[in-house]
Amino acid sequence: MTEKRCGRRLIVYEIRNVLGNPFIYMFGIVFPVLMFFLIIKTVQADVPESAISQANTAVFITMTLMIPMAVVLLGYSSNYSQELEKEIPLRMKLFGYPEKSVLLAKIIAQFVVMAAGLVIYTAVAYASVEMETPRVSSALCLILCLFLLSGIYFALAHGVATIFKKFGAAYVVMMTVFFGSMILCGMMGIKVDQLPTFAQKMAALLPMSYISSDFIDFWTEGSYNFAPLIQSFLFTGAVSGIVLLIAVRREYRKITSV
Amino acid sequence: MLVEIRNLQVFYGKFQALEIDRPIRINEGERIGIIGSNGAGKTTLVKTLLGLTTYKGRVETRLKPQDMAAHLQFNHYVSTMSVRHVLETILDTSIKTNQRLRELIEYFEFEECLKKRYKSLSGGQKQRLTIIMVMMQDAPLTFYDEVTSGLDFETRQRLMEKLLQWYEGKSNTLCIVSHYYEELELLADHLLILDQGRVIDYGRKQELFQKYCGESIITLDANAENERLTASYRKLAAPAHLIALACREQAEEEELAGLLIRNNINFKRSSSDIEIMSVNAKAAYAKEHESGVSVND
């Protein structure tokens with residue numbers, strides 16, 4: 001038997017695996033669309049007719065953040081923790097799939113499903129309400145940020161699932177992170193600048209709050225100072241990296257503890 | 001020689017799960033039955049040979065991890081996935097184009113299960129799924145860890161028959177962990193007896209039987225009448241509900257059988273009873289450790 005690699009078949013299998021999780025449909029597609037329509041209804045009442053298109057777009061940008069959070073952060077952690085509970089990764093290893101091949105297939109699958117969710121959400125949003133058309137560079141910037149966030153979420157979800165190895169514990173942690181981030185980053189209808197000072201300081205550490213509040217400013221025109229956003233990406237990336245490192249080291253110590 | 005184990009020690013934290021202090025050699029084509037009660041170290045040994053634990057000592061083999069296949073005690077797959085996709089992905093092949101896989105599916109009467117999701121399979125079907133995938137690996141060294149546990153008698157019998165037929169005449173080395181002695185009587189030619197993480201004995205099944213039981217044994221129900229009738233014969237250690245009598249030669253066996261027949265007493269004769277043999281091997285090991293004389297000397 002030869003060592004198996006990450007190929008088309010394994011990637012399709014992992015996509016099926018992601019789609020087998022009902023959380024993905026609920027929190028990754030239905031929930032952002034529902035929240036989008038709910039929040040624009042409230043916002044529209046407070047803005048003049050001429051600003052509706054811009055207000056809708058601002059809500060649209062904010063709600064896109066929910067998709068990688070639901071698919072990768074919540075969905076992957078719940079899926080992978082259940083797999084670890086049942087020792088499925090060990091089974092794959094014994095059938096000749098090295099961990100790196102499986103992980104690569106899982107990352108690709110998460111990105112594919114996240115992208116599909118994003119396409120569906122965008123299509124529904126742009127087909128239903130009046131929205132501003134972005135500059136190509138602005139749209140690409142948002143897409144890049146969403147994929148970067150997905151990568152960071154993947155590392156965090158993988159680390160948390162590996163540390164707890166139980167669906168229940170990993171789910172509680174991730175749900176807390178999910179709803180905590182939604183509240184802090186303006187996804188629950190409260191803007192970042194409306195939050196108490198301590199919460200605003202916490203929000204400043206998260207890239208989602210910059211995307212949520214600032215991206216509308218350069219969506220169609222204008223410039224933007226990316227420095228705080230990059231710093232927040234570095235911060236969340238470092239936190240996720242540390243969690244992943246702790247998980248990997250714990251696993252290593254467990255195997256080598258003689 | 002396929003695998004040689006020397007001075008092996010496996011710890012889980014501070015708990016010593018396994019200690020093999022005498023060399024164990026596994027040769028090509030051998031069928032090794034690994035027996036012992038719960039906590040004996042059977043699964044730890046399998047995991048160690050598969051490279052899934054860290055150990056002290058030496059496990060020498062020319063095999064790479066991918067040359068080994070394993071049916072573990074618990075074999076789970078993604079529950080929402082269809083069985084067809086589990087099979088095709090794990091084996092990295094297509095059922096349509098893989099003749100050998102189709103034959104195995106047919107051999108195990110598994111066609112109907114392909115459409116189902118993994119979570120909808122019964123216990124026996126789940127076992128068959130892993131067995132098919134393990135057999136498809138056609139590895140030089142294959143482990144079956146309690147492959148029939150949790151299955152009803154009939155399913156267990158059918159599965160063992162299939163395994164037996166499949167490996168007949170093949171050169172794969174098998175390590176079979178089982179609590180069912182009758183399965184090992186059918187499948188194994190060597191036995192490794194473990195108890196509380198230690199090796200009680202290892203060798204050819206027949207040689208071990210002769211070492212601990214003699215040429216043959218006769219077992220009958222343990223009751224006062226049977227105890228009185230067989231008082232003058234050499235008794236072996238046996239489970240509480242049985243009397244096990246050792247026969248050194250055919251004449252002794254015939255004499256004993258005649259006595260039991262004349263007294264209308266039901267009995268069972270065997271020259272390969274693994275249960276009685278392992279009970280006596282453990283008893284001899286315990287005695288050896290009391291007296292300090294090795295049964296393996």
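Just so it is clear, none of the values below were taken in a lab; they were calculated from the coordinates. Nothing here was measured: the structure is a model prediction, and the numbers come from that model. Backbone-built Cβ (ideal geometry, glycine too); neighbour counts: all protein chains shown.
Structure data summary
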{"quantity": "Test item: A:86-93 mean partner chain Cβ contacts at 10 Å", "calculated": "5"}
{"quantity": "Pair A:Y252, B:A257: separation of 7 Å Cα→Cβ label points (nm)", "calculated": "6.5"}
{"quantity": "Top positive-direction residue, dipole computed over the range B:99-198 with Cβ charges, set B:V134, B:A188, B:T148", "calculated": "B:V134"}
{"quantity": "Between 0 and 90°, nearest 10: helix A:227-256 axis offset from chain A longest Cα axis", "calculated": "20"}
{"quantity": "Choice from A:L142, A:L34, A:L73 showing the highest fluctuation, given a GNM over chain A with Cα pairs closer than 10 Å", "calculated": "A:L34"}
{"quantity": "Shape box of the protein assembly as shown [Cα atoms, principal axes, largest first, Å]", "calculated": "111, 49, 46"}
{"quantity": "Residue (of A:F95, A:L84, A:H158) at the positive-pole extreme of the range A:8-256, dipole from beta-carbon charges", "calculated": "A:F95"}
{"quantity": "Cβ-based exposure ranking for A:F179, B:F108, B:F209, in which fewest neighbours within 10 Å come first", "calculated": "A:F179, B:F108, B:F209"}
{"quantity": "Rounded tilt (10° steps) of B:250-262 against the dominant C-alpha axis of chain B", "calculated": "80"}
{"quantity": "Given charges at beta-carbon only (K, R positive; D, E negative), |dipole| of chain B in Debye", "calculated": "1120"}
{"quantity": "In sequence order, calculated HN-Hα J values of the range B:121-137 (Karplus, 6.51, -1.76, 1.60; Hz; x Gly/Pro)", "calculated": "6, 7, x, x, 5, 5, 4, 5, 4, 5, 4, 4, 5, 5, 5, 5, 5"}
{"quantity": "Beta bridge orientation in the protein assembly as shown: antiparallel %, DSSP, nearest 5", "calculated": "65"}
{"quantity": "Total charge dipole magnitude, the protein assembly as shown, about the Cα centre, Cβ charges on Lys, Arg, Asp, Glu only, Debye to nearest 20", "calculated": "960"}
{"quantity": "Positive-end residue of A:V129, B:S270, B:M68, charge dipole of the protein assembly as shown with Cβ unit charges", "calculated": "A:V129"}
{"quantity": "GluC sites (Glu not before Pro), loop per DSSP, at most 11 other Cβ atoms within 10 Å - longest free stretch of chain A", "calculated": "A:4-220"}
{"quantity": "Residues with amide H under 5 Å from that of B:E146, placed H, sequence gap 5 or more", "calculated": "B:V177, B:S178"}
{"quantity": "Between helix A:167-184 and chain A: long-axis angle, C-alpha atoms, 0 to 90°, nearest 10", "calculated": "20"}
{"quantity": "Calculated [θ] (222 nm, deg cm²/dmol) that DSSP helices of n ≥ 4 give over the protein assembly as shown, each run adding -39,500 (n - 2.57)", "calculated": "-16500 deg cm²/dmol"}
{"quantity": "Burial ordering of A:L205, B:L191, B:L141, fewest other beta-carbon atoms within 10 Å first", "calculated": "A:L205, B:L141, B:L191"}
{"quantity": "Gyration tensor (alpha-carbon) shape descriptor, the range B:214-272, a/c threshold 1.5", "calculated": "oblate"}
{"quantity": "Neighbour-count order for A:F233, A:F147, fewest beta carbons within 10 angstrom listed first", "calculated": "A:F147, A:F233"}
{"quantity": "Cleavage-rule hits (trypsin sites (Lys or Arg not before Pro)) in the range A:55-136: DSSP loop, at most 14 neighbouring Cβ within 10 angstrom", "calculated": "A:R135"}
{"quantity": "Total charge dipole magnitude, the range B:214-272, about the Cα centre, Cβ charges on Lys, Arg, Asp, Glu only, Debye to nearest 20", "calculated": "140"}
{"quantity": "Considering only the range B:3-204, percent of DSSP beta bridges that pair antiparallel, nearest 5", "calculated": "55"}
{"quantity": "Averaged over B:68-81, number of beta-carbon atoms from partner chains that fall within 10 Å", "calculated": "5"}
{"quantity": "Exposed-loop-free span, longest in chain B, where GluC sites (Glu not before Pro) count as exposed if DSSP calls them loop and at most 14 other C-beta atoms lie within 10 Å", "calculated": "B:29-108"}
